[in-house]
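**Q** Input: one structure, supplied below.
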Amino acid sequence: MDQLSLFDNTVPEPLAARVRPKTLDEYVGQEHLLGPGKALRRVIEHDNVSSMILWGPPGVGKTTLAEIIAHTTKASFINFSAVTSGIKEIKKVMEDAETNRRYGTKTILFVDEIHRFNKAQQDAFLPYVEKGSIILIGATTENPSFEINSALLSRCRVFVLHALTQDNIVSVLEHALSAPEGFGNQRVSISHDILERIAVFSNGDARSALSTLEMVVTNGDMAPDGSTTVTEQTLEECTSKKSLLYDKKGEEHYNLISALHKSMRNSDPDAAVYWLARMLEAGEDPLYIARRVVRFAAEDVGLADPNAVQLAVACYQACHFIGVPECNVHLTEAVIYCALAPKSNAMEVAYNEAKEDAITMLDEPVPMNIRNAPTQLMKDEGYGAGYMYAHDYEGHITAMQCLPDSLEGRSYYHPGTLGREADFAKRYEEIKEWKRTH
């Protein structure tokens, strides 16, 4: 009997690596770039690829797309990590790429997390990109305008990849269950509802979704006949989450955001934080919640506390920078602040009233006195005639009419009496009184 070695069996690749798409037709998502007739697909299919930056969140297929490009264009593919490589490694790879070029072989250099390279490291790519020794494909989760050197960025085309939709993720999971490289050779029983829950948990990240699928299948209930059943309990145990709180039609999704919004409007911070936690623990995108809080800060707080908008926007930025779960505390701060802030809906009322007039009176001409007059002809036609520059007058105010004649005297802003808006209301009345007497 032969003695087995510890190294006879290699550790199997993760599911995400085993079912990685190999062609554009297998690739899921990014229809705005890779759909029929779209720009990037045409470039790839016609083998006219140039250096590019793929910008998008984790798990949306940046590495996969780079490998497909290399395979489709018959180029040598080098996967290069900005985390583990320095200038010495860059130069060695560039020399190999230059050798390939001399023999007529294109080299695609894929640099993951290219934003982690410092300026000197990024500059090391420049001469080789310019000579055409390499086709550089950089992947980044950060805004390339800020993280990539302008010299290098100017030589690359930027393609923005979006987070995968729930349907995209479910499609990826279904493929993994049926593909021989995945679980196609096993009998796995898993409901569509559980696949949708995994898709929501993944937050648009296919790699995360596949890792979760692999975990739940591995820990599923094994029957004597060798089949595996994945239950809701298995999902909850593997994700440390209770049963999904959003139904597949999305009704509960809107119910919960409504509950958060109305709790803040009713100045109930405890209820607001509870609904916030319900959404976050169900896997809701924190940026979606942050956007709703930014809207609330203007719609329901407004000038009663102008700081609410600043705090809400800062919260959105924090959620973008650090993600979950770290940003949960920033959302909590913004939600409690907005719940406790004095309330005013004057901003929404003002816009809606103005919108109604704007829609029904679209042809009202701009008064001549506030029209711009960049040319002598326009001045001769009376453009700008009678304009009064407010800063030239006492109190920096004039009685000049700025609304169309048909709307003269119309008022849209109706300030409340709470918080800072009481001060704005007083100022507004003073302005109206001054204009009435002048």
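The values are calculated or read from the model by the stated rules, or taken from the named source; none is laboratory data. None of the values given here were measured: they were computed from a predicted structure. No Cβ is skipped: glycine too gets one built from the backbone with ideal geometry, and neighbour counts run over all protein chains shown. Ligands, DNA and RNA are stripped out before the accessible areas are found, and what is left, the full protein with its side chains, is counted by its heavy atoms. Shrake-Rupley method; radii C 1.70, N 1.55, O 1.52, S 1.80 Å.
**Q** Report the relative contact order of the chain, percent, no decimals, based on alpha-carbon pairs under 8 angstrom and at least 6 residues apart. Intermediate values should be presented prior to the final figure.
**A** On the way: 600 pairs, mean separation 48.9, N = 438.
Taking the mean separation of contacting Cα pairs over the length of the chain, I get 11 percent.
**Q** Quick one: compute the contact order of segment 265-325, relative version, from alpha carbon pairs under 8 angstrom and 6+ residues apart, as a percent. Can you show the working numbers first?
**A** Details: 27 pairs, mean separation 20.9, N = 61.
Computed over segment 265-325, the figure is 34 percent.
**Q** Within 10 Å, count the other beta carbons around each residue, average over each peptide in 259-265, 41-47, and list them highest first.
**A** 259-265, 41-47
**Q** Let me ask something additional. Rounded to whole Hz and in sequence order, give me ³J(HN,Hα) for segment 88-102 from the Karplus expression 6.51 cos²θ - 1.76 cosθ + 1.60, θ = phi - 60°, writing x for Gly and Pro.
**A** For segment 88-102, the Karplus curve yields 4, 5, 4, 5, 5, 5, 5, 5, 5, 5, 5, 5, 4, 4, 5 Hz.
**Q** Mind checking which of Ala163, Ala425, Val230 is farthest towards the positive end of the chain's charge dipole, using Cβ charges of +1 (Lys, Arg) and -1 (Asp, Glu) about the Cα centre?
**A** Farthest along the dipole direction, towards plus: Ala163.
**Q** Could you rank Thr105, Thr239 by how accessible they are, 1.4 Å probe, largest area first? Provide the component values of the computation, followed by the final result.
**A** On the way: Thr105 60, Thr239 30 Å².
Reading off the accessible areas and sorting them downward yields Thr105, Thr239.
**Q** As a test of understanding, state the convex hull volume per residue of segment 22-175 from its alpha carbons, in Å³. All intermediate terms of the calculation are to be shown ahead of the outcome.
**A** On the way: hull volume 16.3 nm³, N = 154.
Convex hull of Cα atoms, per residue: 106 Å³.
**Q** Rounded to the nearest 20 Debye, what is the dipole magnitude of the chain about its Cα centre when Lys and Arg each give +1 and Asp and Glu each give -1 at the C-beta? Present the calculation step by step, with values, prior to reporting the outcome.
**A** Numbers: 43 positive and 61 negative charges, 256 e Å.
With only Lys, Arg, Asp and Glu charged at Cβ, the dipole is about 1240 debye.
**Q** Take the alpha carbon atoms of segment 178-211, find their center, do the same for segment 43-61, and report the distance between the two centers in whole angstrom.
**A** Cα centroid of segment 178-211 versus Cα centroid of segment 43-61: 25 Å apart.
**Q** Also, I was wondering about something else. Per the Cauchy relation, a quarter of the hull surface: what is the mean projected area of the convex hull of the alpha carbons in the chain, in nm²?
**A** Working: hull surface 133.5 nm².
Averaged projected hull area, Cα only: 33.4 nm².
**Q** Sticking with this one: Under the rule of -39500 (n - 2.57) per DSSP H run of 4 or more residues, summed and divided by the residues of the chain, what mean residue ellipticity at 222 nm is obtained, to the nearest 500 deg cm²/dmol?
**A** Numbers: 21 runs with 211 residues, N = 438.
The per-residue figure over the chain is -14000 deg cm²/dmol.
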